[in-house]
Amino acid sequence: MSLRIIKKGIKHLSISDKKELIDYIKSSYSVFDEYSINVKACPECHSDYIVKNGTRKGIQKYICKDCKKNFNYKTNTVLSKVQKLNKWNEFVDDFTSLNIPSLKAMSKKLCISEQTAFNWRQKLLSAIAPKTNITFTEEAIEFDETWLRLSRKGRRNMGIEDPAVYRAWRKKQVGDSPYNVKVFFSSGRKSKKLDVHQSHTGRTSRKDMENYFIKDKFKDISVFSDAHVTYKSFFKANNIEHQTFIGKNHISFLNKEVHNQTANSLIRGFKYFVNEHMRGVSTKYLEHYIKWYQFIHESKLQMHKKDELKFNVTDEICDTIAKDKFGIELYRQSELSFIRFLKNNGRTNHGDCKHHYYANKMAA
């Protein structure tokens, strides 16, 4: 039957039948289908001496004549091990529409397990992470920091004898406690860009500032922040223009332009996103949710730039995912990155992750 005849027949369908047809097409098509027949090189040795080697579940397989490896377009991407590609369109639609459903709601909507929904979320966030590098050049930025309690949510064997006592003790750990994670926020006044960075635990030091304010990221900037002694010392030593105000006032009474109220507003939004909407997240995945929050911020900015508004964002992100070669390593190494972060900040009681995905592929 030709497509012309099908289109003609659709005109005579009822509204309910058309909706059913749309759902059927969505369930039988994936934006990734076009990539299964468009592989140009081996993902292992990057040789272009490849030949087709049959299909499996409708996906074209290839073999490399140089390294003899079998592969398909999903190999070495976050799509590896994902079996229900036709559901990714809906999954990414929710992501791009800023709907942010719970894992339970996502599981029910897509007919997948909550664990699969969680893994998909982390894979997606890992894939877009390298694409959101922020730089500030020749502009004034508002700088501030916030803290989140160091969380080992979802982990086991943490040596906690009395959970009630432990929870009560945790509530007392505020501000510069070594059991809190510090997150830096920089907001550009001209560009409206937002950069969020998971930095360290405990009180902020000159070294922490040096690790964040690198020259490739910040060029010819001036900074508005509170009069934290470490901030003043660092910016003075590095000849960066720095204007301050009393922290509890959030604005200078001498010059109303000297404030970081935009950065503070974004911090409040981030803490609500993490602590209330997501009901707390493990520090292991905090960098992923930071990238998600930045994506939300950038999407809202795009909505106000009608001349630059991008359509088919879902297809664009799916295209990014299919071509990405770094996200899968970020996903695989998240456990080791978390342990490394704790060790670098003097913590050793990290417990054990209950999820053992890619356990045999994680590098030391």
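The values are calculated or read from the model by the stated rules, or taken from the named source; none is laboratory data. In this text the structure is predicted, and so the values were computed from the model without any measurement. Neighbour counts run over all protein chains shown; Cβ positions are idealised from the backbone, glycine included.
Every residue, every condition in (1) closer than 21 Å to Asn345 by Cα; (2) touching a residue at least 60 places away in the same chain (Cβ under 8 Å), yes or no:
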| residue | (1), (2) |
| --- | --- |
| Glu139 | no, yes |
| Phe143 | no, yes |
| Leu150 | yes, yes |
| Lys172 | yes, no |
| Phe184 | yes, no |
| Ser191 | no, no |
| His197 | yes, yes |
| Ile221 | no, yes |
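Of the residues making up region 235-251, those that are in a loop (DSSP other than H, G, I, E, B) and within 23 Å of Gly175 (Cβ to Cβ) are Ile246, Gly247, Lys248, Asn249, His250.
Can you tell me which residues in region 100-127 are over 20 Å from Glu335 (Cβ atoms) and either aliphatic (A, V, I, L, M) or modelled with pLDDT under 80 (or both)?
Going through region 100-127, the residues over 20 Å from Glu335 (Cβ atoms) turn out to be 100-102, 104-113.
Correct list: Ile100, Ala105, Met106, Leu110, Ile112.
Has region 64-78 got any residue that is surrounded by fewer than 17 Cβ atoms within 10 Å (Cβ to Cβ) and within 27 Å of Val196 (Cα to Cα)? No, region 64-78 contains no residue that is surrounded by fewer than 17 Cβ atoms within 10 Å (Cβ to Cβ) and within 27 Å of Val196 (Cα to Cα). Please name all residue pairs, on different chains or six or more residues apart, with Cβ atoms under 9 Å, provided the first residue is in region 69-80 and is under 19 Å from Thr116 (Cα atoms) and in contact (Cβ under 8 Å) with a residue 12 or more places away in the chain and the second residue is part of a loop (DSSP other than H, G, I, E, B) and among the aromatic types (Phe, Trp, Tyr). Filtered contacts from region 69-80: Leu79/Tyr73.
Candidates in region 221-234 are the residues that are surrounded by fewer than 19 Cβ atoms within 10 Å (Cβ to Cβ) and of a type in the set (S, T, N, Q); of these, the one that is farthest from Glu138 (Cα to Cα) is Thr230.
Looking only at residues of region 265-290 that are outside any helix (DSSP H, G or I) and either modelled with pLDDT of 90 or more or among the acidic types (Asp, Glu) (or both), we find that the one that is surrounded by the fewest Cβ atoms within 10 Å (Cβ to Cβ) is Ser282. Scoring Ile134 on the criteria (1) farther than 19 Å from Thr201 by Cβ; (2) under 26 Å from the mean Cα position of the chain (by Cα); (3) loosely packed, with under 14 Cβ neighbours inside 10 Å leaves a single failure, condition (3). Taken residue by residue, region 147-156 has at least one member that is in contact with a helix residue (DSSP H, G or I) (Cβ under 9 Å, 6 or more places away or on another chain), on the phi < 0 side of the Ramachandran plot, among the charged types (D, E, K, R) and surrounded by fewer than 13 Cβ atoms within 10 Å (Cβ to Cβ).
Scanning region 119-131 turns up no residue that is surrounded by fewer than 16 Cβ atoms within 10 Å (Cβ to Cβ) and in a loop (DSSP other than H, G, I, E, B).
May I ask you to verify whether Gly247 is out of contact with any helix residue (DSSP H, G or I) (no Cβ under 9 Å at 6 or more places or on another chain), over 23 Å from Ser191 (Cα atoms) and at pLDDT below 90? Steps first, please.
Details: out of contact with any helix residue (DSSP H, G or I) (no Cβ under 9 Å at 6 or more places or on another chain): yes; over 23 Å from Ser191 (Cα atoms): yes; at pLDDT below 90: yes.
When the stated conditions are applied, Gly247 passes them.
Just one of the listed residues (Ile37, Ile59, Ile22) is surrounded by 14 or more Cβ atoms within 10 Å (Cβ to Cβ) and at pLDDT below 85, and it is Ile59. Only one of the numbered conditions (1) over 19 Å from Thr320 (Cβ atoms); (2) in contact with a Leu (Cβ under 6 Å, 6 or more places away or on another chain) is not met by Cys67, and that is (2).
When you scan region 163-220, how many residues do you find that are assigned to a helix (DSSP H, G or I), surrounded by 14 or more Cβ atoms within 10 Å (Cβ to Cβ) and in contact with a Phe, Trp or Tyr (Cβ under 6 Å, 6 or more places away or on another chain)?
Quick first cut of region 163-220, residues assigned to a helix (DSSP H, G or I) only: 163-171, 206-212.
From what's left, surrounded by 14 or more Cβ atoms within 10 Å (Cβ to Cβ): 170, 208-209, 212.
Keeping just the survivors that are in contact with a Phe, Trp or Tyr (Cβ under 6 Å, 6 or more places away or on another chain) gives 209, 212.
The qualifying residues number 2.
In region 235-264, of all residues being crowded, with 16+ Cβ neighbours inside 10 Å and under 29 Å from the mean Cα position of the chain (by Cα), the one that is farthest from Glu138 (Cα to Cα) corresponds to Asn264. Looking at region 348-361, is at least one residue of a type outside the set (S, T, N, Q), over 13 Å from Lys284 (Cβ atoms), assigned to a helix (DSSP H, G or I) and at pLDDT below 80? For region 348-361, residues of a type outside the set (S, T, N, Q), over 13 Å from Lys284 (Cβ atoms), assigned to a helix (DSSP H, G or I) and at pLDDT below 80: absent.
Restricting region 82-99 to residues that are in a loop (DSSP other than H, G, I, E, B) and modelled with pLDDT under 80 leaves a set whose member that is surrounded by the most Cβ atoms within 10 Å (Cβ to Cβ) is Lys84.
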